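**Student:** Let me give you the structure first, and then I'll get to my questions.
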Amino acid sequence: MRLRHIEVFHAIYTTGSVTAAAQLLHISQPAVSKALGHAEQQLGFALFKREKGKLLPTDEALALFPAVEQVYRQLHSVKALAQNIQRHDEGLIDLAITPALGFNVIPVAIARFNQHYPKVRFRLQTIHNDEAMQALVERDCELALLYASPSYPNVEAIELGSTEIKVLYPRDTFASQPQSLTYADLSTQSLIAIWDSGPIGQLLWQQLNQAGVDTASIIQVDTYYIAARMVAQGLGCCTIDAISAQGNPDERIATASLKPPLEVPIRALHLAAKPLSKLSQAFLPFVQSALLEQQS
């Protein structure tokens, strides 16, 4: 039996008439009768007999119905799932993020997205820029959210926003606790180096070189969280993105902006040959909204 035959047989069996079955399936009565005739022709036996103006299932139909009912339920589940996916109600978002976005932005975005799409599942992993291309190509994630991502071949980038580079310093470093510091100010401080931490460290290193500023560093790290903890211990200052700075509050630490300010773009990357799923497309505005709030 074809799927259409199963639908027609199930509709007639449960409603008891061709007219009611046609109304249930939203097709014409002749179409129901034609489909029933085809089904009976393929099976080689009648499915219904007419008695006193009513359609009654034959013995063969009674024996067949439990199996048809099971298939019908499975078919209904597939249709429901397809409709849910189309409405973004179900599915999986496979996401890789730079660790800083895990402090607040992505948890907030997922929590709000979940209120609208509670059945959508997430698989979340942290990733660094030099790992992004391999993760995308190997289908280890569908979407990678990164700071200042380089241009990769066959990868499309979606601009989501930006974050400002801040300076964290021990509160007793400056008596006035300034709200902004110049690049030259950094040359007078012991700077916890993050040059190997990725694009932010590299960008800052370039700015310091262009400004002709030499810095002294006795500690070098590759993680902003560790750098912030070093500052809390009074071991020096560090440059850090605003999102990581807000994610590592400590009463022993003060925060200043750089002068002139330095912004780092945040982008979503995906393979050009694999367009984003509707679920991921629906999720990105929630990320952008959370980013905007983080900057305010």
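The values are calculated or read from the model by the stated rules, or taken from the named source; none is laboratory data. These numbers come from a predicted model, not from an experiment. Methodologically, a virtual Cβ is constructed for each residue, glycine included, from the backbone with ideal geometry; neighbour enumeration extends over all protein chains shown.
**Student:** Which pairs have Cβ atoms under 8 Å, sit 6 or more apart or on different chains, and link a residue in segment 215-239 that is more than 11 Å from Leu186 (Cα to Cα) to one that is aromatic (Phe, Trp, Tyr) and part of a strand (DSSP E or B)?
**Tutor:** Val231/Tyr169
**Student:** Do we have Ser289 as assigned by TED's automatic domain parsing to the domain that holds Ala111 and touching a His at 6+ places or on another chain (Cβ under 8 Å) here?
**Tutor:** Spelling it out, it is not the case that Ser289 is assigned by TED's automatic domain parsing to the domain that holds Ala111 and touching a His at 6+ places or on another chain (Cβ under 8 Å).
**Student:** State the number of residues belonging to segment 188-231 that are part of a helix (DSSP H, G or I), of a type in the set (S, T, N, Q) and more than 17 Å from Lys166 (Cα to Cα). Show your work before the answer.
**Tutor:** If we filter segment 188-231 for residues that are part of a helix (DSSP H, G or I), which is where we start, we get 195-197, 199-210, 224-231.
Applying the additional criterion that residues be of a type in the set (S, T, N, Q) yields 197, 202, 206-207, 209-210.
Cutting the leftovers down to more than 17 Å from Lys166 (Cα to Cα) gives us 209-210.
The qualifying residues number 2.
**Student:** Now, a different point. Within segment 128-184, which strands (runs of 3 or more DSSP E) (wholly inside it) include 1 or more residues that are not assigned by TED's automatic domain parsing to the domain that holds Glu251? Break it down stepwise before answering.
**Tutor:** Values: elements: 143-147, 155-170, 180-182.
Result: 143-147, 155-170.
**Student:** Scan (1) at pLDDT below 85; (2) under 25 Å from Ala290 (Cα atoms) for the single condition Asp196 breaks and write down its number.
**Tutor:** (2)
**Student:** Follow-up. Pairs only if they're at least six apart or on different chains, beta carbon under 8 angstrom, first in segment 67-78 and in contact (Cβ under 8 Å) with a residue 60 or more places away in the chain, second surrounded by 10 or more Cβ atoms within 10 Å (Cβ to Cβ) and of a type in the set (A, V, I, L, M, F, W, C); list them, first residue then second.
**Tutor:** Val68/Met1; Val68/Ile6; Val68/Phe9; Val71/Ile6; Tyr72/Ile6; Leu75/Leu3; Leu75/Ile6
**Student:** Can you confirm whether Ala273 is part of a loop (DSSP other than H, G, I, E, B), surrounded by fewer than 19 Cβ atoms within 10 Å (Cβ to Cβ) and either small (Gly, Ala, Ser) or within 27 Å of the chain's Cα centre (by Cα) (or both)?
**Tutor:** On the way: part of a loop (DSSP other than H, G, I, E, B): yes; surrounded by fewer than 19 Cβ atoms within 10 Å (Cβ to Cβ): yes; either small (Gly, Ala, Ser) or within 27 Å of the chain's Cα centre (by Cα) (or both): yes.
Yes: the conditions hold for Ala273.
**Student:** Next up: So which residues in segment 130-157 are at positive phi, in contact with a Leu (Cβ under 8 Å, 6 or more places away or on another chain) and not hydrophobic (A, V, I, L, M, F, W, C), if there are any at all? Don't jump to the end; show me each part of the working.
**Tutor:** Going through segment 130-157, the residues at positive phi turn out to be 139, 148, 154.
This time we only want the ones that are in contact with a Leu (Cβ under 8 Å, 6 or more places away or on another chain), so: 148, 154.
Scanning segment 130-157 gives a single hit, Asn154.
**Student:** Quick one: which of Asn129, Asn114, Asn104 is polar (S, T, N, Q), over 13 Å from Phe283 (Cα atoms) and surrounded by fewer than 19 Cβ atoms within 10 Å (Cβ to Cβ)? It would help to see each step written out before you state the result.
**Tutor:** On the way: Asn129 fails: surrounded by fewer than 19 Cβ atoms within 10 Å (Cβ to Cβ); Asn114 fails: over 13 Å from Phe283 (Cα atoms).
Going through Asn129, Asn114, Asn104 in turn, the sole match is Asn104.
**Student:** Also, quick follow-up: Hey, any hits in segment 22-34 for a residue that's within 17 Å of Glu60 (Cβ to Cβ) and either surrounded by 14 or more Cβ atoms within 10 Å (Cβ to Cβ) or not β-branched (Val, Ile, Thr) (or both)? Break it down into steps so the answer makes sense when it comes.
**Tutor:** If we filter segment 22-34 for residues that are within 17 Å of Glu60 (Cβ to Cβ), which is where we start, we get none.
Scanning segment 22-34, I find no residue that is within 17 Å of Glu60 (Cβ to Cβ) and either surrounded by 14 or more Cβ atoms within 10 Å (Cβ to Cβ) or not β-branched (Val, Ile, Thr) (or both), so the answer is no.
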